[in-house]
Amino acid sequence: MTDWDPRALAVLDALEGAGFQAVLVGGCVRDALRGAAPHDYDAATAARPEEMRQVFAGWKTADTGLRHGTLTVFSGGLGVEVTSFRSEGPYSDRRRPDGVRFTRSLAEDLGRRDFTVNAMAWGRGGLTDLFGGREDLAAGVIRCVGSPARRFQEDALRLLRGLRLAAQLEFKLHPDTAAALRDSLPLLDWVSRERVMQELSRLVCAPGAQGVLLDFPQAAVRIFPELAPAVGFDQRSPCHCFDVYTHCVRAMGAVSPRLTLRLAALLHDVGKPAVFAPDAAGAGHFPGHARAGAELARAALRRLRLDGASRERTAALIARHGMRLPLQERAVRRQLFRLGPELFFDLAELDRADNAAKRPGTAPPAEHWTRLDALARQILAQSPCLTLKDLAVDGHDALAAGLEGPAVGRALDALLEAAAEGRLPNRREDLLRELERRGAPSPREG
Ligand code: ATP
Ligand code: MG
């Protein structure tokens, strides 16, 4: 059926050779069946943990979680996670089974898995597909194995896994699974915030993120209650044909799949409802919404334990969004210097996406951002002076010119700004002359 990595097959063969049924399962079977290269290999076996250890006594292994039945086996450098067939007991914390029970039955093991497309196994004997996984894979459907409500009740992480998987594969949730998922959203409070962030990161960067978040605004709101007022919020603006939430999600779908950029787009107008100020004619205005939104986003991302650098980057993008970047060399130079190239390009991308998610015909044509991008790249290609490191003079030169103490830093900053914005050439003799002028005692002092 596919070209399995022979190193993974060697792991199956070792187990089968010792008399234990062994199969590849989960994501790798799903991916191989849809013609994508598996990114990692999971195997399952009838062998119990202590039996696995014997089979792989001569191999390089790592005890991933032998108590739960998982051993990582290295086969020609490829790590394969091998797990004993399990059937899980009751779940009382809505996240983890109270205990694992090992079984010799592949069918039982597949029955505990989350979605039909994840519940197929492939071994030397061919494909085992007990729940219609192949059919769902062909139809682009995510469907729980068994009763969706019960499966979500057992383990609330499955809600996020289902949405994330739908976004990654660009699949739709089966109507029964979707309905149960909507009803089960309060269970998300049982999932650790780190895990929520982990799944959310994969979801928002997936190709089908926009569709999933438009279909499940309630899920987005459960993760970001800050977005609740945005759902259905009428902007009463001639530029907008979508409510705030839809506009945000569409902007998110239009930026590159990098986490901070996607999160910034998703949350960029989260501050709008709180500052809504209709004018006398009833048209909507949102003074200060960018700053207000950045604060809301910062708090939300801190709550979700996003790392500080990513959180601040996201907040910085939101705080500055909507600033018009004119197509003039001087202005672009100034912004490249003030923001730094990375933030500049991200802001330009966010701005393009923000405008693409407005009422057609009300924003500048997309060409505006293509030209802005080209102009900025052209400036950068001329190796502009953007940091003190690039400046043709340094602190020693300032001291030699007679400057002292804080005046040294002030002078260098001023020269940097002038050089970055193109008001002064970044040439040593010009900058030294400027330092001399600043260092010379002024006639009045003398
Ligand atoms: P990917 O590795 O691309 O995220 P995957 O499907 O391999 O996708 P893993 O987290 O590696 O995801 O899990 C491997 C398999 O274990 C899944 O395919 C599924 O069969 C099962 N599984 C994982 N998490 C759960 C869960 N919370 N509930 C039930 N089964 C699960
Ligand atoms: Mg996997």
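A few comments on the model shown:
- Candidates ALA381, ALA220, ALA107: whichever shows maximal mean-square fluctuation once the chain is modelled as a Gaussian network with Cα springs under 10 Å: ALA381
- For the chain, with +1 on Lys and Arg beta carbons and -1 on Asp and Glu, the positive-most of ALA8, PRO38, LEU431 along the dipole: LEU431
- Taking the Cα centre of the stretch 303-446 as origin and assigning +1 to Lys and Arg Cβ atoms and -1 to Asp and Glu Cβ atoms, the resulting dipole is close to 560 debye.
- Computed over the chain, the percent of Cα pairs more than 44 Å apart is 33.
- Normalised contact order of the chain, rounded percent, pairs of Cα under 8 Å and 6 or more residues apart: 8 percent
- Rolling a 1.4 angstrom probe over the protein heavy atoms with all chains in place gives the chain an accessible area of 46 Å² per residue.
- Selection from LEU130, MET120, SER184, by position along the positive dipole direction of the stretch 107-215 (Cβ): MET120
- Compared with the direct C-alpha span, the chain from ALA107 to GLU135 gains 8.3 nm at full extension, assuming 0.36 nm per residue.
- The residue among ILE379, GLY58, ALA280 whose Cα reaches farthest toward the positive pole of the charge dipole of the chain, with charges on the beta-carbon of Lys, Arg, Asp and Glu, is ALA280.
- Sorting the segments 96-104, 64-72 by their residues' average number of neighbouring beta-carbon atoms within 10 angstrom, most packed first, yields 64-72, 96-104.
- Model label zone, GLN153; criterion: amide N under 13 Å from point 7 Å along Cα-to-beta-carbon; scope the stretch 94-108: 94
- Distance between the C-alpha centres of the stretch 47-85 and the stretch 278-308: 49 Å, rounded to the whole angstrom.
- Taking every alpha-carbon pair under 8 Å whose residues sit at least 6 apart, the stretch 215-332 reaches a relative contact order of 20 percent.
- Debye, to nearest 20: dipole size of the chain, +1 on Lys, Arg Cβ, -1 on Asp, Glu Cβ: 580 debye
- Computed from label points 7 Å out along Cα-Cβ, the spacing between ALA356 and ASP234 is 2.9 nm.
- Mean Kyte hydropathy of 1.0 or more with a Cα span along the axis of at least 24 Å, helices from DSSP in the chain: none
- About the centre of its Cα atoms, the stretch 247-318 shows a dipole size close to 340 debye [charges on the beta carbon of Lys, Arg (+1) and Asp, Glu (-1) only; nearest 20 debye].
- Full extension of the chain between ARG334 and HIS285 gives 14.8 nm of extra length, using 0.36 nm per residue less the Cα-Cα distance.
- Sorting the Cα pairs of the stretch 355-446 by distance into bins of 10 Å, from 0 upward, gives 15, 34, 20, 14, 11, 5, 0 percent per bin.
- Residue-count net charge about PHE131 - beta-carbon cut-off 10 Å; Lys, Arg +1, Asp, Glu -1: 0
- In this simple spin-label model, placing a label point 7 Å from the Cα along the Cα-to-Cβ direction at both GLN54 and GLU295 gives a separation of 6.7 nm.
- Sulfur and carbon atoms: percent of accessible area, the chain [1.4 Å]: 50 percent
- Spin-label proximity, ASP40 to the stretch 50-86 - amide N less than 15 Å from point 7 Å beyond Cα toward beta carbon: 62-66, 70-75, 78-83
- Inter-label distance for ASP183 and SER92, nm, one decimal - labels placed 7 Å from Cα along Cα-to-Cβ: 2.6 nm
- The stretch 364-431: GluC sites (Glu not before Pro) falling in loop per DSSP and having at most 14 other Cβ within 10 Å: GLU404
- Eligible lysines near LYS272 by straight Cα distance, threshold 23 Å, same-chain separation 8 or greater: LYS358
- Structure-based [θ]222 nm, the chain - -39500 (n - 2.57) summed over DSSP H runs of at least 4, per residue, nearest 500: -14500 deg cm²/dmol
The values are calculated or read from the model by the stated rules, or taken from the named source; none is laboratory data. The structure displayed is predicted, hence computed values, not measured ones. For neighbour counting, all protein chains shown are included, and Cβ atoms are generated from backbone atoms with ideal geometry for every residue, glycine included. Keep in mind that these areas ignore ligands, DNA and RNA; they rest on the heavy atoms of the full protein, side chains included. Shrake-Rupley method; radii C 1.70, N 1.55, O 1.52, S 1.80 Å.
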